1. Tell me, which residue of the range 253-267 that is surrounded by 15 or more Cβ atoms within 10 Å (Cβ to Cβ) and at pLDDT 85 or above is farthest from the chain's Cα centre (by Cα)?
2. Just to verify a result, which residue in the range 24-49, among those that are over 30 Å from V92 (Cβ atoms) and modelled with pLDDT of 85 or more, is surrounded by the most Cβ atoms within 10 Å (Cβ to Cβ)?
3. Looking at the structure I just gave you, is E54 more than 30 Å from A176 (Cα to Cα), surrounded by fewer than 24 Cβ atoms within 10 Å (Cβ to Cβ) and touching a Leu at 6+ places or on another chain (Cβ under 7 Å)?
4. Among (1) out of contact with any strand residue (DSSP E or B) (no Cβ under 8 Å at 6 or more places or on another chain); (2) over 19 Å from D217 (Cα atoms); (3) among the hydrophobic types (A, V, I, L, M, F, W, C), where does V153 come up short?
5. Restricting the first residue to the range 67-95 and requiring it to be among the basic types (K, R), which pairs with a second residue that is at pLDDT 95 or above and assigned to a helix (DSSP H, G or I) meet a Cβ separation below 6 Å and a spacing of at least six or different chains?
6. Take the residues in the range 221-249 that are more than 24 Å from D188 (Cα to Cα) and out of contact with any strand residue (DSSP E or B) (no Cβ under 8 Å at 6 or more places or on another chain), then tell me which one is surrounded by the most Cβ atoms within 10 Å (Cβ to Cβ).
7. State yes or no: is N21 within 17 Å of P278 (Cβ to Cβ) and at pLDDT 85 or above?
Amino acid sequence: MKTPRAQGTSRGLRLKNVEINPGRLCNNKCIFCMSGVDRDTHEPWADPARMKAEIKLRYEEGARSLGFLGGEPTAYPHIVECMRYARELGYVRVALCTNGARLANPAFVDECLAAGLTRVTVSVHSHLASIEEFLVRVPGILDRKVAALRHLVERQKRGLLPDGLSVNPVLCRQNAPHMEEFVRFFMDVGVRDFRFNFIWPEADVQNDKTVVPRFADVMPRIAALILENERELKTRVSFGAVPYCVLPEAFQKRWPLLAKYFYEEGNDLPTEVSFLKPDKDGRVDRFDWHEKGHESYRAKLDSCRRCSLNDRCMGIYRSYLDLYGAEGFTPVEG
């Protein structure tokens, strides 16, 4: 499942946000996908009646911002129908978190926009075809993603994506050395919003140190990109799943800089998730994404209690600690 972002801001409005997952099927096979290697055979898509019932329920609970997750939501056969239904109900913001493959078709882009799509986040991990194909395991996929972004940028310029367009790379050992070139490449395409999420050691890379780097390995690259962005690029860049204690001291002492680039609960829309379970009972797993992250996927060390930034930090992936241990996490002094 793609990782998203109850209260958020959209075009100056305070909105309650919900993300709905109709299933985990996908047309890519990313090596770090947390949906698991057997996702394409072990569960069907949710029936559209169930999707509409959940969309309506969440609207009645006050949500006015709606995102679709996967798997790959554009592969869901009823995605356009569900977007149209959401807008007819009164949702103000309708978003897709997508790998972008289907959006290489401009007719499909326009169909989604006509149905009420207002924001797109595209998961693309490298501007180098060899790295993108290694991570996604689909030949020729980079060309399709770039084509999709060009279509989206052109429509954004016409005011058809009022809630924005961003790219959402997973930061790993392969693409970390090329982050600045990545940003420059996609800025040339027209993208102005970049969110690098540190890789979650799951699925095929759970124990793979050739793909999952140490924080210490990538921090110089992150720092260099931030400095270049402050000096020249002047675009929107942020990072997810990076604990504050691994950052250079120069960043730790400057909260405005931390908030701008690393504060997950401030840079994201805090999100309630509805995952429609594929069982015969038609269950829906509903949870707050940040709370579940704290409880199930991330951990804090005993030493974190002494950190001056502890109350603002979401912690460390448990699977990262299993892979590399607790070395390098030093509490930030006040």
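1. So in the range 253-267, the residues surrounded by 15 or more Cβ atoms within 10 Å (Cβ to Cβ) come out as 257-258, 260-264, 267.
Imposing the further condition that a residue be at pLDDT 85 or above reduces the set to 257-258, 260-263.
Numbers: L257: 21, L258: 19, K260: 17, Y261: 15, F262: 14, Y263: 14 Å.
My answer is L257.
2. Residues of the range 24-49 that are over 30 Å from V92 (Cβ atoms), as a first pass: 29-33, 36-44.
Then drop every residue that is not modelled with pLDDT of 85 or more, which leaves 29-33.
Details: K29: 15, C30: 19, I31: 18, F32: 21, C33: 24.
The residue in question is C33.
3. On the way: more than 30 Å from A176 (Cα to Cα): yes; surrounded by fewer than 24 Cβ atoms within 10 Å (Cβ to Cβ): yes; touching a Leu at 6+ places or on another chain (Cβ under 7 Å): yes.
In short, yes.
4. Condition not satisfied by V153: (1).
5. Matching pairs, first to second residue: R84/A115.
6. If we filter the range 221-249 for residues that are more than 24 Å from D188 (Cα to Cα), which is where we start, we get 241-249.
Still in the running and out of contact with any strand residue (DSSP E or B) (no Cβ under 8 Å at 6 or more places or on another chain): 244-249.
On the way: Y244: 21, C245: 20, V246: 19, L247: 24, P248: 12, E249: 9.
Top of the filtered list is L247.
7. Values: within 17 Å of P278 (Cβ to Cβ): yes; at pLDDT 85 or above: yes.
The answer is yes for N21.
Results for (1) of a type outside the set (S, T, N, Q); (2) at pLDDT below 90; (3) part of a helix (DSSP H, G or I); (4) surrounded by fewer than 17 Cβ atoms within 10 Å (Cβ to Cβ), shown as yes or no for each residue.
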{"site": "F251", "(1), (2), (3), (4)": "yes, yes, yes, no"}
{"site": "L269", "(1), (2), (3), (4)": "yes, yes, no, no"}
{"site": "G282", "(1), (2), (3), (4)": "yes, yes, no, yes"}
{"site": "D285", "(1), (2), (3), (4)": "yes, yes, no, yes"}
{"site": "K292", "(1), (2), (3), (4)": "yes, yes, yes, yes"}
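The values are calculated or read from the model by the stated rules, or taken from the named source; none is laboratory data. Because the structure is a prediction, the values reported are computed rather than measured. Quick reminder, even Gly has a Cβ in these numbers, built from the backbone with ideal geometry, and neighbours come from all protein chains shown.
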